[in-house]
1. Can you tell me how many residues in the range 15-52 are within 28 Å of Gly214 (Cβ to Cβ) and acidic (Asp, Glu)?
2. Within the range 282-335, restricting attention to residues that are within 18 Å of Ala206 (Cα to Cα) and assigned to a helix (DSSP H, G or I), which residue is nearest to the ligand (Cβ to nearest atom)?
3. Among the residues of the range 6-13, is there at least one that is closer than 26 Å to Asn166 by Cα, at pLDDT below 95 and part of a loop (DSSP other than H, G, I, E, B)?
4. State all residues of the range 61-119 that are at pLDDT below 95, in a loop (DSSP other than H, G, I, E, B) and of a type in the set (S, T, N, Q); if no residue qualifies, say none.
5. Looking at the structure I just gave you, is Trp195 more than 13 Å from the ligand (Cβ to nearest atom) and closer than 23 Å to Arg145 by Cα?
6. Within the range 133-166, work out how many residues are of a type outside the set (D, E, K, R), on the phi > 0 side of the Ramachandran plot and more than 14 Å from the chain's Cα centre (by Cα).
7. Can you run down the residue pairs with Cβ atoms below 8 Å, 6 or more apart or on separate chains, where the first is in the range 22-46 and outside the structural domain of Phe172 (by TED's automatic domain parsing) and surrounded by fewer than 17 Cβ atoms within 10 Å (Cβ to Cβ) and the partner is in a loop (DSSP other than H, G, I, E, B) and of a type in the set (Val, Ile, Thr)?
8. Filter the range 145-168 for residues that are within 30 Å of Ser97 (Cα to Cα) and outside any loop (DSSP other than H, G, I, E, B); which is farthest from the ligand (Cβ to nearest atom)?
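The values are calculated or read from the model by the stated rules, or taken from the named source; none is laboratory data. Being a predicted model, the structure only gives us computed values, none of them experimental. Cβ placement follows ideal geometry from the backbone for every residue including glycine, while neighbour counts extend to all protein chains displayed.
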Amino acid sequence: MNIGGNHYRTIWLDAEDPRVVKIINQLALPHRFEIVELRQFSAALGAIRDMQVRGAGLIGATAAWGMYLAVLEAGEGSFSPLEEAGQTFKAARPTASNLAWAVDRMLRVLAGPPKGRVERARREAQAISDEDAGYCRRIGLHGLRLIEQAAERRKGEPVRVLTHCNAGALAFVDYGSALSPVYAAADRGIPVHVWVDETRPRNQGASLTAWELGRYGVDYDLIADNAGGHLMQHGMVDLVITGADRVTSRGDAANKIGTYLKALAARDNGVPFYVAFPSSTFDFSMEDGLAEIPIEERDADEIRRISGKTASGSIETVRICADDTPARNWGFDVTPARYITGLITERGICEPSKQGIYSLYPECEPEPK
Ligand code: MRU
């Protein structure tokens, strides 16, 4: 991600002090660009819980670096504190599979001999980060084909992509999933315009997607969460691309709350609806997303309040309803595979079905019984 002429990842090990992991604090965006240092396992956990970092790929990478910090703290002795740290990370954000996937990958590497554990942890966390960035880049190149095809139909007019929440570079280590094809198109001079859903309650669209598209120089408009259906009815959306937090073996996809409604509107209006994600987001142990994917229910105050910058420049949080208003706050919903046109992965684009998915990931297909 290019910020002010410098390339940044969202998380990295400090080049001077290998006991320090650095992150971009997403709670400060878009008003302030701030880098935070993580020096302890508990700081990495807090960053995930408080959403200084968020997005499926990035919480996975943060948990991986958090496990590295846990190894530094525990020393090369007993394995059980590391198992405990892993369980604590997994419970922090239950919907995105990348978190548990990264913790399990770290634990597999750490389970070996105590000697050399620090170095193994560092190498594995770095590998997870590098892989995430590399996979996202490839998602962009595969998804680019869809934008190129739409560009031909648009005969030089901008291709209009609608996205929900933030599945851009900020949601991963770099590049992003849903926005990676947009960036690849922009790099090639293909005119693209993005409709950015604000994404209540935490407004990741308004505060993060709009910010990173602006930094990249991509044309966009922020829209109210409920505007997408109207735009589709009026032929103003060429394709929808969202990210995903967990995708089952048959292609049901959990993503930020509200995604399902966009998929319904897309189907009603004949607009292609794509879901972009790296393979770390697959959960091959699940088939029926609605029945099986755990949906995180978050603090209801996220619904009752809203934060932003006042005219005087200070950041304030205000209540938008009566003090005693009851509220519920589900973070994600599941879009059944039947509403999804295709899955954009690092290995290519496939149909959202077992057959389509296993054609790209044959090694994940269970042996016939
Ligand atoms: O609650 P968040 O911000 O961690 O939610 C995750 C998301 O940003 C979205 O659901 C996204 O579209 C998929 S994660 C790349």
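1. Residues meeting the conditions: 3.
2. Glu302
3. First, the residues of the range 6-13 that are closer than 26 Å to Asn166 by Cα: 6-13.
Within this subset, residues satisfying the condition of being at pLDDT below 95 are 6-7.
Checking which are part of a loop (DSSP other than H, G, I, E, B) leaves us with none.
No: zero hits.
4. Scanning the range 61-119 gives a single hit, Ser78.
5. Details: more than 13 Å from the ligand (Cβ to nearest atom): yes; closer than 23 Å to Arg145 by Cα: yes.
Yes, satisfied.
6. Initially, the range 133-166 is screened for residues of a type outside the set (D, E, K, R), giving 133-136, 139-144, 146-147, 149-151, 156, 158-159, 161-166.
Adding the requirement that they be on the phi > 0 side of the Ramachandran plot leaves 156, 165.
Subset that is more than 14 Å from the chain's Cα centre (by Cα): 156.
Within the range 133-166, residues that are of a type outside the set (D, E, K, R), on the phi > 0 side of the Ramachandran plot and more than 14 Å from the chain's Cα centre (by Cα) number 1.
7. From the range 22-46, the pairs are Glu37/Val20; Arg39/Val20.
8. Arg145
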